[in-house]
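So the structure is just underneath, and the comments pick up after that.
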Amino acid sequence: MANSNWAWPTIENRASAVSAAKSGMWAAIIVAAVTALIATVALSYGKAIGGIDAWAYVDAAIFAIIAFGIWRMSRAAAVIGLLLFIAERVDMYVSAHSFSVLSLLLLLMFVNGVRGTFGYRRFAEDEAETESA
């Protein structure tokens, strides 16, 4: 059965958990790519853009590693990605009083990544118990 609720997918088996987790992976990829792009533009102009400078490459690399971890169904990577994203959005709001709809969408994607990785492990453990019984 196709899972038509992209915003809050039902996690009912390993396949649906993987699908939800991929949402978090894509969120991390988007954050890494956009951050690297803005850092590149800032570097070429020689000044920070929206508080983003060449040091943002480190942030982009961290989110790329998080995306890889979520792809591997790492619960730790999913949780770290969510917490880091929230911390950065809070910092952005405090410093610039700026918040966007895209941030809300990415937040939802990271939350689904956490849900998916935890669901994946739960279903994997259930299947292992069933096979050993």
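The values are calculated or read from the model by the stated rules, or taken from the named source; none is laboratory data. Since the model is a prediction, treat every value here as computed from it, not as a measurement. Positions of Cβ are backbone-derived with ideal geometry, glycine not excepted, and every protein chain shown enters the neighbour counts. Side chains are part of the model used for accessible areas, which takes the heavy atoms of the whole protein and leaves out ligands, DNA and RNA. Shrake-Rupley method; radii C 1.70, N 1.55, O 1.52, S 1.80 Å.
Between GLU131 and SER44, the contour length at 0.36 nm per residue exceeds the Cα-Cα span by 25.6 nm. Count Lys and Arg as plus one, Asp and Glu as minus one, and take only other residues whose Cβ is under 9 Å from that of ILE11; the net charge is then +1.
Normalising the average separation of contacting C-alpha pairs (under 8 angstrom, six or more residues apart) by the number of residues puts the relative contact order of the chain at 37 percent.
Tell me, rounded to the nearest percent, the portion of alpha carbon pairs in segment 85-125 spaced more than 14 Å apart. Tail fraction, whole percent: 57. The three principal axes of the Cα atoms in the chain give end-to-end lengths of 63, 24, 23 Å, sorted in falling order.
Per residue, the chain exposes an accessible area of 61 Å² to a 1.4 Å probe, with every protein chain left in place. Treating each Cα of segment 1-50 as one equal point scatterer and applying the Debye formula with no solvent, the log10 of I(q)/I(0) at q = 0.18, 0.24, 0.29, 0.30 Å⁻¹ comes out as -0.63, -0.84, -1.02, -1.05. Spin-label model, VAL94/PHE68: points 7 Å from Cα along the beta carbon direction are separated by 3.1 nm. Spin-label pair VAL58-ALA124: with each label point 7 Å from Cα along the Cα-Cβ axis, the two points sit 3.1 nm from one another. Within the assembled protein chains, the solvent-accessible surface assigned to ILE38 is about 50 Å², based on a 1.4 Å probe.
Taking the C-alpha atoms only, the angle from helix 56-71 to the longest principal axis of the chain is near 10 degrees.
The accessible surface of the chain, taken with every protein chain in place and a 1.4 Å probe, is 67 percent carbon and sulfur.
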